[in-house]
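All remarks here apply to the structure that follows.
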């Protein structure tokens, strides 16, 4: 492997990990936000 | 047939759940603000999930996978430019915080506040048509992805497209932004799981060394250096970087998520968090495309290579999960786009033409009817239109048609006191000229003179659109300051 391909693969790895970790946090906290949104919104029908 | 009974069960369960949740939530729609911006009650994590889900669709996977197959690792640079754009907006609140403070529901509303009702109408028309054109290839790409991964023949493309569209239209039309946000969240979770599944199986089946060797063998230096790759080069990278910073916050489906946030600070932070994921969500499908090059070689159709790889390496059971994730990604994009464009038509185009305020109920009804019409249009357009460039470049050029003019009107309007109504008209019209010329001329390139061929270079055309829009705003405003003095705004909160 050349240094350029190693650079891109490492960058890909870091970016992918950052994506999945952030997504996991958003999922957990998002459930709380979702409950909050629906609690504050009145049912009309 | 790669798609087995267990996959069908998983997929049908997901689709059933999506429809149920989308329709159940429609009972929360109380008024126009609830329908278009979810009552402006969305918090950071939920807003980030819905913003990311809006930005990821099967079409995104398709054009990123395609460009990965064609350009190797060079295309990863687009993840970097996008990340810079979102982080800059997330840190500074560039454009988006000011728009949220003004409490607008659509981008063209700002045009009326800062310039005139006429600018709102023209801006709304450009935004609507560019947005719907931009969306035109989504269904086609989705259909190709699904038939390739699920192992169907191309005959089933149309029914697959129609069923998917009907489901999305049903909950978008009935539930508005509340349904879109709640289903987006569900779809965000499922699409993330689908992406993880696909990436794990690609890594298990395709060796990293083989991928690196394939790029070096098939593309040489062009596969790792975006600056010398003929698909990119300096012009394209600068266009993408400028475009990411200037316009990421100006696209109605994206901006509407910030408008729905509970305050301007939350609206800004959505971009910061979505920005942290941007490099990953670009590079993951690009990597699948590069892996397809290593797995199949360079002779496949670039559009079909990536879905074919996923359909081959992901085993039954997991394939159902992955397809559910991909469908989730697409459905969240469709719903957000349909709501965004129909809200622009119902609020920014039709009332100025009719010269009257339509009232909340009529506006919501009009928006619902237009959502259905958009669905019919993209179905017909997706079946016959032939792409003049890669899917990525088509998306970029139709996006530029609107966003170049919007950048001129909004960024200059917010940060330059001399911006006036003449500059706004010039910016909107000049910003749309180069991309429109590209789309028309590229269909008849065999009969146009040689000296017009620079206009069918997608990179030149995209870059030119921003330059012309900015020039139009500056020149138009400076020459007409006396006759058309600028209007200045005070934020509402």
Out of (1) buried (at least 19 other Cβ atoms within 10 Å of the Cβ); (2) under 22 Å from the mean Cα position of the chain (by Cα); (3) closer than 21 Å to residue B:337 by Cα, the one residue B:438 does not meet is (3)
Quick check on this structure: which one of A:39, A:32 is more than 7 Å from every other protein chain (Cβ to nearest Cβ), modelled with pLDDT under 95 and in contact with a helix residue (DSSP H, G or I) (Cβ under 8 Å, 6 or more places away or on another chain)? A:32
Between B:161, B:195, which is part of a helix (DSSP H, G or I), under 29 Å from residue B:344 (Cβ atoms) and touching a helix residue (DSSP H, G or I) at 6+ places or on another chain (Cβ under 7 Å)? B:161
For segment B:284-319, give me each residue that is surrounded by 24 or more Cβ atoms within 10 Å (Cβ to Cβ) and closer than 24 Å to residue B:12 by Cβ. B:307, B:310, B:314, B:319
Search result, residues across segment B:106-122 that are surrounded by fewer than 23 Cβ atoms within 10 Å (Cβ to Cβ) and within 18 Å of the chain's Cα centre (by Cα): none
Filter segment B:261-275 down to residues that are closer than 25 Å to residue A:13 by Cβ and assigned to a loop (DSSP other than H, G, I, E, B), then give me how many there are. 0
Does residue B:133 satisfy being touching a helix residue (DSSP H, G or I) at 6+ places or on another chain (Cβ under 6 Å), away from chain A (no Cβ under 14 Å) and under 21 Å from residue B:3 (Cα atoms)? no
Modelled with pLDDT under 80 and crowded, with 19+ Cβ neighbours inside 10 Å: which single residue out of B:133, B:157 fits that description? B:157
Of all residues being at pLDDT below 85 and out of contact with any helix residue (DSSP H, G or I) (no Cβ under 6 Å at 6 or more places or on another chain) in segment B:35-61, which is surrounded by the fewest Cβ atoms within 10 Å (Cβ to Cβ)? Just the residue, please. B:40
Consider segment B:276-301. How many of its residues are more than 10 Å from chain A (Cβ to nearest Cβ) and assigned to a helix (DSSP H, G or I)? 9
Leading residue by the ranking (nearest to residue B:286 (Cα to Cα)) among those in segment B:204-215 that are within 10 Å of chain A (Cβ to nearest Cβ) and surrounded by fewer than 18 Cβ atoms within 10 Å (Cβ to Cβ): B:208
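For every residue, the table says whether it meets (1) more than 10 Å from chain A (Cβ to nearest Cβ); (2) surrounded by fewer than 24 Cβ atoms within 10 Å (Cβ to Cβ); (3) more than 17 Å from the chain's Cα centre (by Cα); (4) more than 28 Å from residue B:40 (Cα to Cα).
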| site | (1), (2), (3), (4) |
| --- | --- |
| B:218 | yes, yes, yes, yes |
| B:231 | yes, yes, yes, yes |
| B:241 | yes, yes, no, yes |
| B:265 | yes, yes, yes, no |
For segment B:458-493, enumerate the residues that are touching a helix residue (DSSP H, G or I) at 6+ places or on another chain (Cβ under 8 Å) and at pLDDT below 75. B:458, B:459, B:491, B:492, B:493
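The values are calculated or read from the model by the stated rules, or taken from the named source; none is laboratory data. This one's a predicted model, so the numbers in the text were calculated from it and none came from an experiment. Cβ: placed from backbone, ideal geometry, glycine included. Neighbour counts: every protein chain shown.
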